[in-house]
């Protein structure tokens with residue numbers, strides 16, 4: 001896996017690498033000597049110590065055995081797995097199917113009180129209709145070369161999104177106006193999706209803001225879609241992967257970005273007028 005664009009992920013990997021390098025030095029071993037004890041090429045040792053290659057659980061066990069540090073195995077394996085979870089490729093997340101990927105978020109959603117979502121190109125998942133979700137997930141499956149179980153996955157996404165009707169949760173959702181005009185599926189699918197936004201945007205737990213394309217003098221241009229769960233975790237969606245950010249200073253940066261973007265949005269009647277205009281454009 002290449003270096004993560006998230007410093008949270010890379011910092012976690014570098015911490016594991018430093019700890020492994022420290023064990024080698026404490027044991028008085030050179031890079032080559034440790035490699036010989038682990039039965040791999042010395043270049044692998046260098047790649048692991050410089051955080052260019054993540055150490056697998058087996059690598060860590062061999063490393064600790066070679067440095068007489070078997071008592072460090074469990075902690076280092078846990079730290080390494082955590083570091084790798086911060087940057088997860090979509091192909092790896094969806095290897096068991098897109099439906100299972102949708103279901104994997106249920107426990108995190110149930111434990112979150114406030115959801116903040118900013119989207120540049122898509123209707124947020126919480127407000128997607130089944131037809132819109134099916135068109136999107138099917139396109140994703142084709143692009144990533146995954147089995148297309150979009151119909152089941154879309155049904156699971158819609159069922160999971162029923163959380164917006166349950167007490168104890170708040171949803172602050174922001175989209176760029178262009179989202180209303182990017183068409184997924186046919187005109188009927190888009191009309192149904194836009195019509196649902198008119199309804200869902202009025203739900204008590206939902207705050208739906210739309211940033212007009214005509215907004216001038218924007219203080220911030222955010223390139224990526226991101227979500228913040230309470231004030232603890234930010235998730236950024238890339239083409240190839242999802243980056244999970246838990247470092248407080250970085251989460252705070254996303255919260256600040258969300259607040260600035262929120263100040264540019266229109267709500268209520270103004271937001272509904274933009275949605276109606278997008279519906280009219282389909283005719």
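The values are calculated or read from the model by the stated rules, or taken from the named source; none is laboratory data. What you are looking at is a predicted structure, and each value in this text was computed from that prediction instead of being measured. All Cβ positions, even for glycine, are placed from backbone atoms using ideal geometry, and neighbour counts span all protein chains on display.
Just wondering, is there one or more residues in segment 35-50 that are within 19 Å of residue 79 (Cβ to Cβ), outside the structural domain of residue 249 (by TED's automatic domain parsing), at pLDDT below 95 and assigned to a loop (DSSP other than H, G, I, E, B)? Among the residues of segment 35-50, at least one is within 19 Å of residue 79 (Cβ to Cβ), outside the structural domain of residue 249 (by TED's automatic domain parsing), at pLDDT below 95 and assigned to a loop (DSSP other than H, G, I, E, B), which makes the answer yes.
With respect to the conditions (1) surrounded by fewer than 18 Cβ atoms within 10 Å (Cβ to Cβ); (2) touching a strand residue (DSSP E or B) at 6+ places or on another chain (Cβ under 8 Å); (3) in contact (Cβ under 8 Å) with a residue 24 or more places away in the chain; (4) under 15 Å from residue 120 (Cβ atoms), residue 237 lacks only one, and its number is (3).
Each row is one residue, and each column tells you yes or no for (1) at pLDDT 95 or above; (2) surrounded by 18 or more Cβ atoms within 10 Å (Cβ to Cβ).
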{"site": "127", "(1), (2)": "yes, yes"}
{"site": "140", "(1), (2)": "no, no"}
{"site": "146", "(1), (2)": "no, yes"}
{"site": "149", "(1), (2)": "no, yes"}
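Only a single item in (1) closer than 25 Å to residue 170 by Cβ; (2) more than 19 Å from the chain's Cα centre (by Cα); (3) without any contact (Cβ under 8 Å) to a residue 60 or more places away in the chain; (4) surrounded by 12 or more Cβ atoms within 10 Å (Cβ to Cβ) is not met by residue 199, and it is number (4). Do we find a residue being at pLDDT 85 or above, within 21 Å of the chain's Cα centre (by Cα) and part of a helix (DSSP H, G or I) anywhere in segment 224-240? Within segment 224-240 (the criterion being at pLDDT 85 or above, within 21 Å of the chain's Cα centre (by Cα) and part of a helix (DSSP H, G or I)), the answer is no, since none of the residues qualifies.
One residue is enough: does segment 149-164 have a residue meeting the conditions closer than 15 Å to residue 278 by Cβ, outside any helix (DSSP H, G or I) and in the same structural domain as residue 273 (by TED's automatic domain parsing)? No, that holds for no residue.
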